[in-house]
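One structure is given below, encoded as structure tokens.
Values in this text are rule-based calculations from the coordinates and carry no lab data. These numbers were taken from a predicted model, which means no experiment stands behind them. Quick reminder, even Gly has a Cβ in these numbers, built from the backbone with ideal geometry, and neighbours come from all protein chains shown.
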Amino acid sequence: MAEPLLSWSEKALRLLRRMDNFNLPGSSRTQCLKFEVDGLQVGWIPATVAPVLSRFPQVFTLPQGGAVALCASLDSYSRRSDTLHSVIKTLREENHFICLRGWREEKYEVRARYCDSSLMSMERAATSLFGVKRFGVHVNGYIRGVDGALSMWLARRSPTKQTYPGKLDNLAAGGLAAGSNVKQTLIKECQEEACIPACIAETARPVGTVSYTYEDEEGVFPESQFVFDLELPPHIRPQIGDGEVQDFFLCPIEQTKDMLVSEDFKPNSAMVLLDFLIRHSYIQPDSEQYYQELVAGLHRPF
């Protein structure tokens, strides 16, 4: 039997549920163990991962009260980071988990909240094994025509990208690497991915965050994206920089609405674009059945 045709609102709601499936009934959340460091929960450990960690009793405590913790003897940022990195390298050598095949040689900070001090760093590819919070920056690039209408600059990801090759994406985006802050990441990604100079990237306006938690065969992904709107001068055209993008193109704002719910768009980037369309009133509560659910779905608590 053919799948029934979905309205645009239903497709958008399906996108948000896909990207927050960890919080839906039937997810693995009830089987996951809390991951604690220095008495604070910093993540979720899938049930398939916990037994493997029990091989390292000098690093992890046995599950207790629904939680696995780093041993109290690991009492500094450097000691935690170095010890955990050694464990993760061992698991990578054993080819034990799918996610470690995508090793990045890039560290993410581990903290209970973004406003808290970092407790340690962790290889990006391993973060889903511990369900630690990942933060990133996404930039909506657009121009305003003489008639006031907006057009969006969209990117087509390189076919060699490790994740979502060939998919549509925002103008620029990237994760917050250890030791970098939001503004540094914003400028770096604009320069490296789209060859946008710092003097223009710095004019981007911070407009909020988009947050969600999803799970797949690689683990649990709690993510929050710091969102920026960047109005580009008409004479500035993004250029291919570090090879992560194969092309940039300008798209009339009306067309982006259909594009974001297509299978052609990188899912979390589509959420950022959806947030843009809502904030700029291109999506209205009287015309979209699930308007309220869409707004709420972009800002799920961790």
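Please compute, for the alpha-carbon atoms of segment 73-151, the extent along each of the three principal axes and give them in descending order in Å.
Dimensions of segment 73-151 along the principal axes of its Cα atoms: 63, 31, 18 Å.
Using R₀ = 22 Å, calculate the FRET efficiency as 1/(1 + (r/R₀)^6) where r is the Cβ-Cβ separation of residue 104 and residue 158; round to 0.05.
Given R0 = 22 Å and the Cβ-Cβ separation, E is 0.90.
Between residue 235 and residue 289, what is the spin-label point distance in nm, taking each point 7 Å from the Cα along the Cα→C-beta axis?
4.9 nm
Report the residues of segment 148-184 in range of a label on residue 246: point 7 Å along Cα→C-beta, backbone N strictly under 15 Å from it.
155-169
7 Å from Cα along Cα→Cβ at both residue 72 and residue 55: what's the point-to-point distance in nm?
Placing both labels 7 Å beyond Cα along the Cβ direction yields 2.8 nm.
Using only the alpha-carbon atoms, how far is helix 182-194 inclined from the longest principal axis of the chain? Give it as 0 to 90 degrees, nearest 10.
With both axes taken from Cα atoms, the answer is about 60 degrees.
What's the extension gain from residue 279 to residue 149 if we count 0.36 nm per residue and subtract their Cα-Cα distance?
Length gained between residue 279 and residue 149: 45.3 nm.
Expressed as a whole number of Å, what is the distance separating the alpha-carbon centroids of segment 241-302 and segment 3-81?
Using only Cα atoms, the two centres lie 27 Å from each other.
Using the C-alpha gyration tensor of the chain, what are the square roots of 5 times its eigenvalues, in whole angstrom, with the largest one first?
The equivalent ellipsoid of the chain has semi-axes of 35, 23, 17 Å.
Which FRET efficiency value, to the nearest 0.05, is calculated for residue 48 and residue 200 with the Förster distance at 51 angstrom and r the Cβ-Cβ distance?
Computed FRET efficiency for residue 48 and residue 200: 0.65.
Students often forget the sequence filter, so: which lysines lie under 16 Å Cα-Cα from residue 89 once same-chain residues fewer than 8 apart are removed?
107
Quick one: of the DSSP bridges fully inside the chain, what percent are antiparallel, nearest 5?
Of all bridge pairs located within the chain, approximately 75 percent are antiparallel.
So how long is each side of segment 29-130 along the principal axes, counting just the alpha-carbon atoms, biggest first, in Å?
Principal-axis extents of the Cα atoms in segment 29-130, largest first: 30, 27, 25 Å.
Report, in degrees rounded to the nearest 10, the 0 to 90 angle that the Cα long axis of helix 267-279 makes with the longest principal axis of the chain.
Value to nearest ten degrees: 50.
Looking only at GluC sites (Glu not before Pro) in DSSP loops with at most 16 other Cβ atoms within 10 Å, what is the longest site-free stretch of the chain?
Counting at most 16 other Cβ atoms within 10 Å as exposed, the longest clean stretch of the chain is 107-201.
When we measure straight from the Cα of residue 11, which lysines land under 27 angstrom away, once same-chain ones fewer than 8 places off are left out?
Output for residue 11: 133, 161, 167, 257, 266.
How much FRET efficiency would the formula 1/(1 + (r/R0)^6) give for residue 10 and residue 85, where r is the Cβ-Cβ distance and R0 is 45 Å, rounded to 0.05?
Approximately 0.55, to the nearest 0.05.
At most 11 other Cβ atoms within 10 Å and a DSSP loop assignment: could you name the trypsin sites (Lys or Arg not before Pro) in segment 87-138 that fit?
Sites meeting the loop and neighbour criteria: 113.
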